[in-house]
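What follows is a short report on a single structure.
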Amino acid sequence: MGSAGGGILSSPHPWACVPVPGLLVAHGRDIVLSCTDVSEVQLAKATIRAGIELLLSAAGSPAEALGEVVIAGAFDTYAPNQQEERSK
């Protein structure tokens, strides 16, 4: 199990971890991440980064010229509403 100060808890499965135990979420079930989940997130991140690099190259702009990046669509499905956070 994780330390009293928090952190990732061990899982009954050697190929998975529990970053959020069920007692901390409304539905009461552990949030479990497998090695496959982590690999898929890494692949998605690399794919997004490659797309950004291609768009910047086509526009002739360096990454430093970007003031803000807004992600929309399915990425926003489970993310907190940023507009709500800004209005508080």
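Remarks
- Annotation note: Cβ proximity below 7 Å between a residue of the range 24-41 that is on the phi > 0 side of the Ramachandran plot and a residue that is surrounded by 12 or more Cβ atoms within 10 Å (Cβ to Cβ) (sequence gap 6+ or interchain) occurs for GLY28/GLY22.
- Qualifying residue in the range 79-86 (condition: modelled with pLDDT under 60, out of contact with any Cys (no Cβ under 7 Å at 6 or more places or on another chain) and of a type in the set (Lys, Arg)): yes
- Residues of the range 1-37 satisfying the condition of being of a type in the set (Val, Ile, Thr) and at pLDDT 80 or above: VAL18, VAL20, VAL25, ILE31, VAL32, THR36
- Total residues in the range 22-45, condition assigned to a strand (DSSP E or B) and either aromatic (Phe, Trp, Tyr) or surrounded by fewer than 11 Cβ atoms within 10 Å (Cβ to Cβ) (or both): 0
- The combined condition, being of a type in the set (Asp, Glu) and at pLDDT 85 or above, is not fulfilled by ASP76.
- Any hit, the range 38-54, residues being at pLDDT below 90 and in contact with a helix residue (DSSP H, G or I) (Cβ under 6 Å, 6 or more places away or on another chain): no
The values are calculated or read from the model by the stated rules, or taken from the named source; none is laboratory data. Given the structure is predicted, the values throughout are model-derived calculations rather than measurements. Glycine also receives a Cβ, built like all others from the backbone with ideal geometry; neighbour counts cover every protein chain displayed.
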